[in-house]
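The values are calculated or read from the model by the stated rules, or taken from the named source; none is laboratory data. Not measured: the values here are computed from a predicted model. Neighbour counts run over all protein chains shown; Cβ positions are idealised from the backbone, glycine included.
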């Protein structure tokens, strides 16, 4: 995308925003509408915005454009990058858009869809930065293959088809990438042994204990990822969390999620779409994958 068309010197910053979801906001100018556009109006708006962008940014290829669900803004996709404009295409923003109601990084989610290989590494780096107060600056290099045999049965939540190929996932219930990965694991149709670790501190530990102590840990796991409260079961002391965290530290898992192939201990770091998870397991693609 040729950002230099509309602002000299912005090209390098735009590339940074596209390559790392941890980039700071670079706001040229922004006019936010008070409400999200209705579908019919959004469709008409998108057509008008596309025409305006073609006139104002003739050298910028527009590969995708949507004006629905962005609080009055339109999301514009150009190759593997994206930016936002208002309904007149006069004001443009390069940076991250957050949904404060659902506490979701909208930009990060879309960039993961556009370029999952690049952003999986970025996600791990971002989570590692957030977790540095927990793991310390002297974190070990991440292992590419691990021995899972020493992990206790406690501290794990088993879910997914019982007879499907299995992955072990080290995750944090406050990690947005972990939440997103859960949906892809469902699509991939795999068996999951989820092992929580407290990358984001005491609150993460509290949620993990509540999930492991729940009468139905699988249902509690999905409630936790949905942002719903999981009540603490009185008198229950969750086992296995210390072992999970000790194992993660020993292997250099400073970010989440981390996917481990149960058959041989091979490690896949960060978020991955369903198709890539199935490929990692040596499975054919299915309709649920992308």
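For this structure, a couple of remarks:
- Within the range 170-203, tally of residues that are outside any helix (DSSP H, G or I) and within 22 Å of residue 282 (Cβ to Cβ): 7
- Criterion: in contact with a helix residue (DSSP H, G or I) (Cβ under 8 Å, 6 or more places away or on another chain), in the same structural domain as residue 158 (by TED's automatic domain parsing) and over 29 Å from residue 111 (Cα atoms) - qualifying residue of 221, 268, 212: 212
- Of the criteria (1) over 21 Å from residue 263 (Cα atoms); (2) at pLDDT below 90, which one residue 252 fails: (1)
- Beta carbons closer than 9 Å, at least 6 apart along the sequence or on distinct chains, pair a first residue in the range 66-81 that is touching a residue at least 40 places away in the same chain (Cβ under 8 Å) with a second that is in a strand (DSSP E or B) for 73/84; 73/85; 73/93; 78/64; 81/94.
- Scope the range 57-84; condition exposed (fewer than 15 other Cβ atoms within 10 Å of the Cβ) and not in a strand (DSSP E or B); matching residues: 58, 59, 61, 63, 69, 79, 80
Each row is one residue, and each column tells you yes or no for (1) in contact with a strand residue (DSSP E or B) (Cβ under 8 Å, 6 or more places away or on another chain); (2) part of a helix (DSSP H, G or I); (3) more than 17 Å from residue 158 (Cα to Cα).
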{"site": "205", "(1), (2), (3)": "no, yes, yes"}
{"site": "219", "(1), (2), (3)": "no, yes, no"}
{"site": "224", "(1), (2), (3)": "no, yes, no"}
{"site": "236", "(1), (2), (3)": "no, no, yes"}
{"site": "255", "(1), (2), (3)": "yes, no, yes"}
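- Criterion applied to 260, 218 was being closer than 25 Å to residue 150 by Cα, at pLDDT 90 or above and buried (at least 20 other Cβ atoms within 10 Å of the Cβ), and the one residue passing it is 260.
- Considering residues of the range 171-189 that are over 12 Å from the mean Cα position of the chain (by Cα) and surrounded by fewer than 24 Cβ atoms within 10 Å (Cβ to Cβ) only, the residue farthest from residue 272 (Cα to Cα): 189
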